[in-house]
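I have placed the structure first, in the form of structure tokens, so that the comments after it can refer back to it.
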Amino acid sequence: MSQINIADQVVEKINGEKIAPHTVGYFYARRSVIFAVAGIAVMTGALAMATSIHNISGADWKFFRAGGGSVWSYIGASLPFVWLFFLLLFGLISFLNFRQFKTGYKYPLLIVLAAYVGLTFLLGVGLWRLGVGHFVENKVAAGVPVYRNMACAQARMWSHPENGTLSGQVMELGDEVIVLNDWLTMDKWRVLVNSSTKFYAMNNLQLGDKIKIIGIAQDGRIFVAGEIAPFQTGCSCGCNGGMKKHGTCGGK
Amino acid sequence: MPNYEKMSDEEIARQVLIDKELIRVLIERYERRLRAYIVKISGVDQDASADILQDAFIKAYLNLRDFDDQQKFSTWIYRIVHNETISHWRKRRRENISLDATEAEKIAADLDILRDVQNNLDATCISRVLGELDEKYRSILILKYFEERQYDEIAEILRLPAGTVAIRLRRAKEKFSKLYTKICHK
């Protein structure tokens, strides 16, 4: 085919089909979508980061070690896997989206992911300090049964009174006795507190607090508390009365 | 009447928005090179290469307002043509790449097989080897050795980080050498 024919065909097609260059507005709209996706990816990542920080900050290595846990069981009990998965997912989305920017292709995956993690970490810390992590954890646990079951799976690691661990929500508060609702069995436990009981990362115990306890179980659902720490989990699903066995909200 | 022969590609590209007939000037300047590029990376015949080039220039016309003055028109049009070619090639069965002896020398020189390239059979063999490579390795070898592009230009055409271009080129040369030994030195 000769040189002139291609040029003729191109001009003929442009004229025949009335093809016109995309407008400036079209490209602005396209860039706006790219920026919007970038913003959503970063904000979602920041929320995931805030919630992850909330979950990790509630873990207490000294407390866990006192209960006889290993490093791996501690990691398994503490890491917010769901939120870390979302962080990674939106990190990848942000990388693919970043490549749509004119010079985005120049940056390799690791650099973009590192920048994304750094930015979401900074924003996430800010959101966590505002209490957003705590809010999101409880709202998601209240509204998403699958997530609630996962949060409760971690909570169940702390509900083995026969092994000296107990967790639940404070239902009644006395000077030396706490009535605790175990979220695994919904049993009410009388937790005995005395001067030798150690409190980690908490000053005052209040009604409704979610706590985990290391101690000794006795007959008649009595638990002598050795050490008490806060338990930052969505397992209570935002309602009173603890959990049913299958992990949905009790309502009692 | 302005003298378009003295105007740069970038200046003409801007003028096309005012007078679409000026796209002929750009097509005239780039047709031969781009058709050769299309044929080398995809192995399609001349008719198919003309179709691909036509589609590419239509796409370029559609996106002309997105052409940045800071870019080189050459790398911009090569990127559009590359994407159109790959898109077209993936829908069709791959055909044989065809090189002449001069073209074969360009790649052979860097891969230390120049001594063999005097024999015409090896120019054909080199074509076969290129045809056996994955498209991503073939494209980068063709841009480097036949189009004689710099790394930053290859990066812009293929939309890859510069480091990835270097790594991919090294891998392409390794794979080419292995295949050459396997296919051409039986």
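The values are calculated or read from the model by the stated rules, or taken from the named source; none is laboratory data. Being a predicted model, the structure only gives us computed values, none of them experimental. Quick reminder, even Gly has a Cβ in these numbers, built from the backbone with ideal geometry, and neighbours come from all protein chains shown. Calculation scope for accessible area: heavy atoms of the full protein, side chains included, ligands and nucleic acids excluded. Shrake-Rupley method; radii C 1.70, N 1.55, O 1.52, S 1.80 Å.
Considering every residue within the stretch B:37-44, establish whether at least one is under 18 Å from B:L130 (Cβ atoms) and of a type in the set (K, R).
Yes, that holds for at least one residue.
Could you check the stretch A:13-28 and list, in sequence order, the residues that are in a helix (DSSP H, G or I) and surrounded by 12 or more Cβ atoms within 10 Å (Cβ to Cβ)?
Residues satisfying the conditions are A:K13, A:I14, A:Y26, A:F27.
What about B:I154, is it open to solvent by less than 10 Å² (accessible area, probe 1.4 Å) and within 14 Å of chain A (Cβ to nearest Cβ)?
yes
Any idea how many residues of the stretch B:32-58 are open to solvent by less than 10 Å² (accessible area, probe 1.4 Å), within 9 Å of chain A (Cβ to nearest Cβ) and at pLDDT 95 or above?
Total satisfying the criteria: 2.
Consider only pairs whose beta carbons are under 7 Å apart and that are at least six residues apart or on different chains; among these, list those whose first residue lies in the stretch B:28-39 and is in contact (Cβ under 8 Å) with a residue 24 or more places away in the chain and whose second residue is open to solvent by 10 Å² or more (accessible area, probe 1.4 Å) and charged (D, E, K, R).
Taking only residues 6 or more apart or on different chains, the pairs are B:Y37/B:E147.
Just name the residue that is nearest to the chain's Cα centre (by Cα) out of those in the stretch B:146-186 that are modelled with pLDDT of 90 or more and hydroxyl-bearing (S, T, Y).
Taking the candidates together, the pick is B:Y151.
May I ask you to list the residues in the stretch A:168-188 that are more than 29 Å from the chain's Cα centre (by Cα), hydrophobic (A, V, I, L, M, F, W, C) and over 14 Å from A:D209 (Cβ atoms)?
Result: A:V177, single match.
Looking at A:F121, A:F63 in this structure, which one is modelled with pLDDT under 90 and of a type in the set (F, W, Y)?
A:F63
Count, please, the residues in the stretch B:133-145 that happen to be farther than 27 Å from A:K102 by Cβ and either touching a residue at least 60 places away in the same chain (Cβ under 8 Å) or open to solvent by 40 Å² or more (accessible area, probe 1.4 Å) (or both).
Looking only at the stretch B:133-145, we keep the residues that are farther than 27 Å from A:K102 by Cβ, and these are B:133-134, B:145.
Keeping just the survivors that are either touching a residue at least 60 places away in the same chain (Cβ under 8 Å) or open to solvent by 40 Å² or more (accessible area, probe 1.4 Å) (or both) gives B:134.
Residues in the stretch B:133-145 being farther than 27 Å from A:K102 by Cβ and either touching a residue at least 60 places away in the same chain (Cβ under 8 Å) or open to solvent by 40 Å² or more (accessible area, probe 1.4 Å) (or both): 1 in total.
Could you please give the count of residues in the stretch B:59-96 that are assigned to a helix (DSSP H, G or I) and within 9 Å of chain A (Cβ to nearest Cβ)? Let's see the steps before the verdict.
Start the filter on the stretch B:59-96 by keeping residues that are assigned to a helix (DSSP H, G or I), which leaves B:59-62, B:64-66, B:73-89.
With within 9 Å of chain A (Cβ to nearest Cβ) added as a condition, the list becomes B:61-62, B:64-66.
Looking only at that region, the number is 5.
Inside the stretch B:1-31, can you point out the residues that are assigned to a helix (DSSP H, G or I), open to solvent by less than 80 Å² (accessible area, probe 1.4 Å), over 30 Å from B:I140 (Cα atoms) and not acidic (D, E)? Steps first, please.
Step one: of the stretch B:1-31, the residues assigned to a helix (DSSP H, G or I) are B:4-6, B:9-16, B:20-31.
The next check asks that each one be open to solvent by less than 80 Å² (accessible area, probe 1.4 Å); those that pass are B:4, B:9-13, B:15-16, B:20-27, B:29-31.
When the remaining residues are screened for being over 30 Å from B:I140 (Cα atoms), the result is B:4, B:15-16, B:20-22.
Hits for the stretch B:1-31 are B:Y4, B:Q15, B:V16, B:K20, B:L22.
Can we say A:Y105 is part of a helix (DSSP H, G or I) and within 23 Å of B:V165 (Cβ to Cβ)?
So A:Y105 passes the test.
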